[in-house]
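Enquirer: Dropping a structure here in structure tokens format, bear with me for questions.
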Amino acid sequence: ALVNEENVKILVKELLSYLVACDVEFKDELTQRICHVVEKYATDKEWHVDTIIQTLSASTSFESEETVCSMIALITSTPELQAYATHKLYAKLADQTNQPVLLQLAVWCVGEYGEMLIGGVPAGVEAEAPDPQTVVELLTSVMRSPVADVTTKEYTINAFVKLTTRFANAPDSLALIHKQLAAYSCSMSLELQQRSVEYSSLLKLDAIRAGVLERMPAFAKKDRQAAAAAAAALA
């Protein structure tokens, strides 16, 4: 309740210190509240990304579709942030994070901005740029991870097919992507099976593949409170 644009960095720092030390039963709610105030009041977008990553890392079980959508909306609408966010999230993926929201955000950014990931390191990022083969192998490990739920695997299959255009000059990586996509054509998950079959077919359609797999356009996060208020008014 005390947070505003002037003090958000100071108070969120204190909240993060408490988040690390607080009892497990309070972590998810506090994580949600920190993400909310950061989204609402942050004016420094790189700080925004770093703080959300730090917050999620401290609450390993926290799950939130809203947080995923909010971060994707921020990244897609801010071109100068895309390389920075992708490298930062990839670093968490490389550290074998099990945090569900971080997994989905990292996989989504890798698929969408894969050429930025291997093309160089932006200012503010200390890690070296990975090679395409390493990236694909890391995504393969996500698909095999026992902590990755079906939704995360759906994100990962999407990332695989997107990388066929981002890594077009890396034949070894492309071969591994094709193999991974084909592996799920008999998955017990109908959604994974359907994506596997359809994406494998799409890869054969060179005339339209690049257009279909272009980057997603920027989109705005839905205001759930406004939507709820409108629904209540109609009722």
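The values are calculated or read from the model by the stated rules, or taken from the named source; none is laboratory data. Quick caveat, the model's predicted, so the values are computed rather than measured. Every residue, glycine among them, receives a Cβ derived from its backbone with ideal geometry; neighbour counts consider all protein chains shown. Ligands, DNA and RNA are stripped out before the accessible areas are found, and what is left, the full protein with its side chains, is counted by its heavy atoms. Shrake-Rupley method; radii C 1.70, N 1.55, O 1.52, S 1.80 Å.
Enquirer: Looking only at helices (runs of 4 or more DSSP H) that lie completely in region 1-117, which have at least 2 residues being modelled with pLDDT under 90 and buried (at least 23 other Cβ atoms within 10 Å of the Cβ)? Give the steps one after another, and end with the answer.
Expert: Working: elements: 8-21, 24-41, 45-57, 65-76, 79-94, 100-112.
Counting at least 2 such residues, we get no helices (runs of 4 or more DSSP H) at all.
Enquirer: Right, here's the next one. Only one of (1) part of a loop (DSSP other than H, G, I, E, B); (2) at pLDDT 90 or above; (3) hydrophobic (A, V, I, L, M, F, W, C) is not met by Phe219, so which one is it?
Expert: Result: Phe219 passes all but (2).
Enquirer: Within region 133-162, how many residues are open to solvent by 30 Å² or more (accessible area, probe 1.4 Å) and closer than 25 Å to Lys204 by Cβ?
Expert: Looking only at that region, the number is 6.
Enquirer: While we're on this one: Within region 166-202, take every residue that is among the acidic types (Asp, Glu) and over 23 Å from Thr86 (Cα atoms) and give me the one that is least open to solvent (accessible area, probe 1.4 Å). Don't jump to the end; show me each part of the working.
Expert: At the first step, the residues of region 166-202 found to be among the acidic types (Asp, Glu) are 172, 191, 198.
Still in the list and also over 23 Å from Thr86 (Cα atoms): 191, 198.
On the way: Glu191: 75, Glu198: 99 Å².
Of everything passing the filter in region 166-202, Glu191 is least open to solvent (accessible area, probe 1.4 Å).
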